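Participant: Below: one structure in structure tokens.
The values are calculated or read from the model by the stated rules, or taken from the named source; none is laboratory data. None of these values were measured; they are calculated from a predicted model. Backbone-built Cβ (ideal geometry, glycine too); neighbour counts: all protein chains shown. For the accessible areas, the whole protein counts, side chains as well, though only heavy atoms, and no ligand, DNA or RNA atoms are used. Shrake-Rupley method; radii C 1.70, N 1.55, O 1.52, S 1.80 Å.
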Amino acid sequence: MLVIKSIPAFRDNYIWLIQNSDNRCAVVDPGDASPVLNYLRQHDLILETILITHHHADHTGGVTELQRHYPKINIVGPDNDPVAGLTHSVSGDEQFELFGTTFRVLDLPGHTLGHIGYVGDGKLFCGDVLFSAGCGRIFEGTAEQMFESLQKIAMLPDETEIFPAHEYTSNNITFALATEPGNEALLFYREKVNRLRTDDQPTLPTTLSQEKQINPFLRTEAPGIVRSVANRTADSSAIAIFTALRRWKDDF
Ligand SMILES: [Zn+2]
């Protein structure tokens, strides 16, 4: 079984470290090398693999420096996103082995055009596509692409653990409550998140079943959500609701 640890970076990024039962490990989206190198040193670990979800600098900025320390490292990343220095380019539905566990690549365009996620061992590493109680900004793709990427995630088993790349949960909850003030699961979740943040603890990972109860971007069918955007779109299709929510969040 794989053990996952969070390495905080910058203001609110998490670099997820995937640890094997021996001292080998992988990291996801190392935007900065130094916190990773410190962690590896402190825990006597050897970095074998880097997984990249998309090209943004806060997800890739540490790759070159890590490769200098570990010249034989595998650098896995998206075929369709401009990420320099990959040793393995992958795209949707490709599979590969990591420490004896099969990981599958999901194409998740929207935040960037070539954004991918990695699912294996009941865990999803989804970069900047899905956050707890929110979703990524649409920088390169269309609302349709982002909506379909989120739907693809929603098809995974409910118990899937989700590892996004940012600690945005508190802010996202404020917006989620504006869209669905009476959502009791969300009010309950806010208390839990407040306690964790007061203790300086991560709110992540989350689970898909949790997100289906509290994340407005996965709840475009919920009557409260539909009502909350009624003054923003005349169209009641799921994609229209999603698009209205995303625009609302952009200006929130
Ligand atoms: Zn990004």
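Participant: Can you give me the % of accessible surface on the chain that is carbon or sulfur? Probe 1.4 Å, all protein chains present, nothing else counted.
Facilitator: 47 percent
Participant: Ordered by packing density, taken as the mean number of other Cβ atoms within 10 Å over each peptide's residues, highest first, how do 42-48, 135-141, 21-27 rank?
Facilitator: Ranked from most to least packed, the peptides come out as 135-141, 21-27, 42-48.
Participant: Please list the non-local residues whose amide H lies under 5 Å from the amide H of Leu106, H modeled 1.01 Å from N, same-chain partners needing a gap of 5 or more.
Facilitator: It is Asp93, Gly117, Tyr118, Val119, by chain and number.
Participant: For segment 206-252, report the accessible area per residue in Å² (1.4 Å probe, heavy atoms, rounded to an integer).
Facilitator: 49 Å²
Participant: Across 10 Å bins from 0, what is the distribution of all Cα-Cα pair distances for segment 82-204, in whole percents?
Facilitator: It works out to 12, 37, 35, 14, 2, in whole percents.
Participant: Separate question: If I take every Cα pair under 8 Å that is 6 or more residues apart in the chain, average their sequence separation and divide by the length, what percent do I get for the relative contact order?
Facilitator: Rounded, it is 13 percent for the chain.
Participant: Efficiency by 1/(1 + (r/R0)^6): what FRET value for Glu94 and Asn231, r their Cβ-Cβ distance, R0 = 41 Å, to the nearest 0.05?
Facilitator: About 0.40, to the nearest 0.05.
Participant: Roll a 1.4 Å probe over the protein chains and send me the accessible area per residue for segment 18-174 in Å².
Facilitator: 40 Å²
Participant: With a 1.4 Å probe and all protein chains in place, put Asp250, Asp199, Asp81 in order of accessible area, largest first.
Facilitator: Accessible-area ranking of Asp250, Asp199, Asp81, largest first: Asp199, Asp250, Asp81.
Participant: From the residues Leu187, Tyr118, Leu204, which one has its Cα farthest along the dipole of segment 105-238 in the positive direction, the dipole being from +1 and -1 charges on Cβ of Lys/Arg and Asp/Glu about the Cα centre?
Facilitator: Of the options given, the answer is Leu187.
Participant: For the chain, what does the helix formula give at 222 nm: sum of -39500 (n - 2.57) over DSSP H segments with n ≥ 4, over the residue count, nearest 500 deg cm²/dmol?
Facilitator: -10000 deg cm²/dmol
Participant: Using 0.36 nm per residue, how much length does the chain from Phe10 to Gln42 gain when fully extended, once their Cα-Cα distance is taken away?
Facilitator: This chain segment gains 9.6 nm when fully extended.
Participant: I've got another one for you. Quote to one decimal, in nm, the extra length available between Asn171 and Arg247 on full extension: 0.36 nm per residue of separation minus the C-alpha distance between them.
Facilitator: 25.8 nm
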